[in-house]
Amino acid sequence: MTSTQTTTPRPSPAADKGALVARTKRWGAFYQAEATLRSMRAYGGVILFSSTFQPIMYVLAMGLGLGVLVGAETDFSAYGAESYLMYIAPAILASTVAMTAGIEFTFPVMEGFKWRRKYYGAQATSLTPQQIALGHILGVSCRFAVHALIFTAVLFAFGALSSPTAVLMLFAAVLGGLAIGLPIMAYISTLRDEKGHAAIIQRFVIMPLFLFSGTFYPLTNLPQFLQVIGWISPIWHANELGRVVAFGQPTPLWLLLVHIGYLCTVVVIAWLAVRRVFIRRLGYDEWRGRVPGLKADKRRQSKQDARESAAGSYQRSEGVPLVNFRRGLGANYYSGNIRAVFTRGLSAIRNNRGIIFISGFLEPVLFLTSFGLGVSPMISGIEAEQAGLAGQDTISYAAFIAPALLAVSAMNGAVFDSTWNVFFKLKITKLYQTMMQTSLGPVDVAIGEICLALFRGGIYALGFLGVLMAAGLVSPLSAVLMWITAMFIALGFACIGMALTSFMKRFQQMDWMMMVLVPMFLFSATLFPIDVYPTGVQWVIQALPLWHGVELMRDIAFWNFSSLTLVHISYFLVMVIAGGTLAAYRMKALFLR
Amino acid sequence: MPITTALASSAPSETVSAAAIHAQDLVKKYGDFTAVDGISFSVTRGESFGLLGPNGAGKSTTMRMIAAVASRTSGQMLVAGLDPEQQGPEVRARLGVIPQQDNLDEELTVRENIIMYGRYFGLPRRYLLAKADELLTFAQLEHKANSRVEDLSGGMKRRLTIARALVNEPEVLLLDEPTTGLDPQARHVLWDRLFRLKESGTTLVLTTHHMDEAEQLCDRLVVVDHGTIMAEGSPAGLIREHSTREVLELRFGMDRNAEQAKTLEELLTNTGRDMARTDPYGSARVPDVAVPTGTGEVGFSHIEVLPDRLLVYAEQAEAAMEKIHAAGHRPMTSLVRRSSLEDVFLRLTGRSLID
């Protein structure tokens, strides 16, 4: 047989194995970094948009909104800043980078080891485990740098920065991001499976560190024992470092060295830990990682086994008992078995670790503590419209934001449950597919899930209201009404959220939806009264649902009802009816796809 | 088992309602794409019915329409005399569905999975506690009752999915590729369980692209391709109708298969005359007496050319093999086997079933 293959004069680039090995040895980490960056491209639009949009949002909300209140009473020239906006700008950069670190060093790492096993693909090449780890870190650092550059440019455009040395904030922010991200990466990479760990880290580590790191006020505003959190937090050190380079905040040399030294030490130690774990998992050991909650599972299992063997076995079942069938109107959609869906949710909550459940109520408490204690010294009181009728001139800042935070947490919980959770069960765990195999109808599933979201939200609201009552911020009667209102607000958002989810096709679209929530939180007169804004902007804010929720809560908290209260209530009634109708109409599109 | 192809055009209405499943001119379109293009079939109670076809033939879509989770673009469908699109929950109450991918609830334990699933059907807890034990025994999962689902192996998960689908004692069990991705031992355990169900009178409807599975489990099957039915019958009947009894697989090396096919076809069709004289190579090494001569005995039908091998269809593949050897052709490898549904499919569509 004659060879028909044409022989090329040049040998294949893959021929010289020695050269390849040498090249990988030198550049391997960069190859992995390239892979990391390429996989970020799927989210490229979201990343660029958030990098541009976040600073603008914070400038408008915190710098200009809260700045009006704070600037009237507090002078920031002692810190070297011309305005409140300038004071918080570097800290917001460092904080947003830290938040991003909380995502980039958790989910993609889990994806690498478990969900898509990307790291095992790299392991099969001549890359070393430490190169794989370093590559991921380099890729993420690039994202931080791009984010910081865009952020800085926007801040310059708004006049929130004046000194050219402010560009150096980039290094402070990236260093801070790594100092908070690498320890998380080291921890996450020891896990065989992620069971809400990323959420726990977000809520128990990053959130407290962010809120008590002197981002929106000098750390010294807080009581001594809370300042300790700031000293430990890499975010505070990055904030302060950023302020020094951005507007020359007067800082003694030793403190400057402490900031840099602390961040570098954390980064180096955490890197060594990451390196060690990666070598264990991707090296010859092939360690598969810890299984969190294994002991608890075993304990529960043996307990259940023991209980069963004590009870003896069940008798043989005698045929299927007759099941009452709901016939008549809409029998194709609703089989009258919401309870089963709800019970399933409770079983799942019971089997999951309790800490995830508890963590939901932590966030509003942390916000209240941070802003109530930290911002209050800069503001003597709020002259809200409700204050006059309550028989006082002003109300305390903490009392002002507390009802708003309850409304926000009701919104967040409901939206999360009706969008992300529904989408996750639809696409990833296929739970709804399972349910739709049975005699359940889509309406059973939808209402069951909404009830579950309200049940969870109700418990969280109860916890938060307990804190408010203990702090003397609301009266018991108001608290009861506020609890009902929180459920009402949650129901409104859940109906709209579920209707919107029926139009979603990919996870990226969910990201965009989430991006609406943060500005809504920042602008809806939550942290400052609406009248800091010009009339035109006020109208826009008043059209948003959260503003109505916040105002409704305040009306109840300060026992100040007017015809506007009715408007707020009707707004949510419309949301429930319109969202519910649309969701019901889209029910088949949602669950039977 | 009576094999009834009761298509509604001629069948009286009692036959239609007596059928477990009756589908007439079923069409499903997704935008421009037609997944199912006018399928008609009917499944009698207690029958084991198979949908055979390659990936993307429209099997799973048909299953989803039976299971009352997908709407039809046009056509009629009755499951136990009910329209799945109008009476979804009531139809699903009579079905047990085993999807292609196990969709077990990972947040619940093994036993909770069965009980919870029963709750979705509205079954009382007291019944379910006993039933769950029974099903765990059936699935050989008693010792795993309180484990988490993620601790189970692939075969165990599959058995749990099947056990779970039986919790409402369904009249019809829908199995979408029941053993795909399982190792041979796990497959046989599963087949054994399914066979028992069949014996106890449950109607089975399964899709598969594994011939052996179809041959093991199906009384009757339809071959589906591009959303239409290509053939219908029992596994053995289909083979008899569309293929020869045996197949000879030959490999001559990648480039030579096609040219060899022509030579062999000539050789095997021209065997009416005495072989020793017509042999162009005059090979004398193979004694003529051992070779069964005459077309009747080789029973040559045709040759299929695949990229990597030739398939020679003959009633007596051994005889054809010896004839080819006698003619001096030396394939690199050769294999004689029985004809399977794979060959039926190849004959009907000109394509392989598993690509």
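Here are some notes:
- Taking one quarter of the surface of the convex hull spanned by the alpha-carbon atoms of region A:24-290 gives a direction-averaged projected area of 14.6 nm².
- Once B binds A, the 1.4 Å probe can no longer reach about 4000 Å² of accessible area, counting both sides.
- Solvent-accessible ranking of A:Tyr571, A:Tyr533, largest area first, probe 1.4 Å: A:Tyr571, A:Tyr533
- A:Ser39 exposes around 50 Å² of accessible area when a 1.4 Å probe is run over every protein chain in place.
- Summing Lys and Arg as +1 and Asp and Glu as -1 over all other residues whose Cβ lies under 12 Å from the Cβ of A:Ala407 gives a net charge of -1.
- For region A:24-290, a crude dipole built from +1 on the beta carbon of Lys and Arg and -1 on the beta carbon of Asp and Glu, taken about the Cα centre, is about 1340 debye to the nearest 20.
- Between helix B:110-120 and chain B: long-axis angle, C-alpha atoms, 0 to 90°, nearest 10: 70
- Antiparallel DSSP beta bridges within the protein assembly as shown, percent to nearest 5: 65
- The equivalent ellipsoid of region A:221-315 has semi-axes of 50, 23, 9 Å, largest first, where each one is the square root of 5 times an eigenvalue of the Cα gyration tensor.
- Gyration tensor over the Cα atoms of region A:400-449: the corresponding equivalent ellipsoid has semi-axes (square roots of 5 times the eigenvalues, largest first) of 30, 12, 5 Å.
- Contact order normalised by residue count of chain B, Cα under 8 Å, 6+ apart, percent: 18
- 25 Å Cα-Cα threshold exceeded, pairs from A:Lys427/A:Lys588; A:Lys588/B:Lys157; A:Lys118/B:Lys144; A:Lys114/A:Lys425; A:Lys430/B:Lys144: A:Lys588/B:Lys157; A:Lys118/B:Lys144
- Charging the Cβ of each Asp and Glu at -1 and of each Lys and Arg at +1, and nothing else, the dipole of region B:95-183 about its Cα centre rounds to 320 debye.
- Counts of other chain beta carbons within 10 angstrom of each beta carbon in peptide A:341-347 average 4.
- Projection of the Cα convex hull of region B:56-117, averaged over all directions and equal to a quarter of that hull's surface, yields 5.3 nm².
- All alpha carbon pair distances within chain B were sorted into 20 Å bins beginning at 0; the resulting P(r) in whole percents reads 26, 45, 23, 5, 0.
- Partner lysines for B:Lys59 [C-alpha distance under 18 Å; skip if fewer than 8 residues away on the same chain]: B:Lys28, B:Lys29
- In region A:190-284, the chymotrypsin sites (Phe, Trp or Tyr not before Pro) that fall in loop regions by DSSP, at most 14 other Cβ within 10 Å: A:Tyr284
- Dipole of region A:389-529, positive end: most advanced residue of A:Gly463, A:Ile401, A:Met482 [Cβ charges, Cα centre]: A:Gly463
- Projecting the Cα atoms of A:Phe367, A:Cys495, A:Pro292 onto the dipole axis of the protein assembly as shown, where Lys and Arg carry +1 and Asp and Glu carry -1 at the beta carbon, places A:Pro292 farthest toward the positive end.
- Considering helices alone, the calculated mean residue ellipticity of chain A at 222 nm is -22000 deg cm²/dmol, with DSSP H runs of length four and up weighted by -39500 (n - 2.57) and normalised per residue.
- Kirkwood analysis of the Cα pair distances in region A:2-155 returns a hydrodynamic radius of 19.0 Å.
- Sulfur and carbon atoms: percent of accessible area, the protein assembly as shown [1.4 Å]: 60
- With DNA, RNA and ligands ignored, accessible area of A:Val574 (1.4 Å probe; Å², nearest 10): 90
- Length-normalised contact order for chain A - Cα pairs under 8 Å, 6+ apart - percent: 15
- Contact order relative to length of region A:338-591, as percent, for alpha carbon pairs under 8 angstrom and 6 or more apart: 28
- The loop-placed GluC sites (Glu not before Pro) in region A:33-139, going by DSSP, that have at most 15 neighbouring Cβ atoms within 10 Å of their Cβ come out as A:Glu82.
- Per-residue [θ]222 nm for chain B (sum of -39500 (n - 2.57) over DSSP H runs n ≥ 4, rounded to 500): -10000 deg cm²/dmol
- Taking Cα atoms only, the orientation of helix B:257-269 departs from the longest principal axis of chain B by about 70 degrees.
- A:Thr52 - accessible surface, heavy atoms, 1.4 Å probe, Å² rounded to 10: 60
- Among B:Asp192, A:Asp555, B:Asp219, the order of accessible area from largest down is B:Asp192, B:Asp219, A:Asp555, computed with a 1.4 Å probe on protein heavy atoms.
- When the Cα positions of B:Val298, A:Pro252, B:Leu268 are compared along the charge dipole of the protein assembly as shown, A:Pro252 comes out farthest toward the positive end, with charges on each C-beta of Lys, Arg, Asp and Glu.
- Shown are A:Ile447, A:Ile269, whose ranking by accessible area with a 1.4 Å probe and every protein chain present, most to least, is A:Ile269, A:Ile447.
- Of every Cα-Cα pair in region A:524-593, the percent that sits beyond 20 Å: 43
- Qualifying chymotrypsin sites (Phe, Trp or Tyr not before Pro) in region A:483-515, where qualification requires a DSSP coil assignment and no more than 13 other C-beta atoms within 10 Å, comprise A:Phe503.
- Per-residue mean of C-beta atoms belonging to partner chains within 10 Å, peptide B:88-98: 6
- Ellipsoid fit via the Cα gyration tensor, region A:338-591: semi-axes of 34, 20, 16 Å, each the root of five times an eigenvalue, largest first.
- Seen from all directions on average, the protein assembly as shown presents a Cα convex hull projection of 50.9 nm².
- Think of each Lys and Arg Cβ as +1 and each Asp and Glu Cβ as -1; about the Cα centre, that makes the dipole of region B:53-130 roughly 240 debye.
- Centre-to-centre separation between the Cα atoms of region A:62-108 and those of region B:153-182: 56 Å.
- Förster radius 51 Å - calculated FRET efficiency between A:Ile428 and B:Ala236 (Cβ-Cβ, nearest 0.05): 0.75
- Taking every residue in A:426-435 and counting other chain Cβ atoms within 10 Å of its Cβ, the average works out to 4.
The values are calculated or read from the model by the stated rules, or taken from the named source; none is laboratory data. In this text, all values refer to a predicted model and were calculated from it rather than measured experimentally. Because the Cβ atoms are built from the backbone with ideal geometry, glycine has one as well, and the counts that use them run over all protein chains shown. For the accessible areas, the whole protein counts, side chains as well, though only heavy atoms, and no ligand, DNA or RNA atoms are used. Shrake-Rupley method; radii C 1.70, N 1.55, O 1.52, S 1.80 Å.
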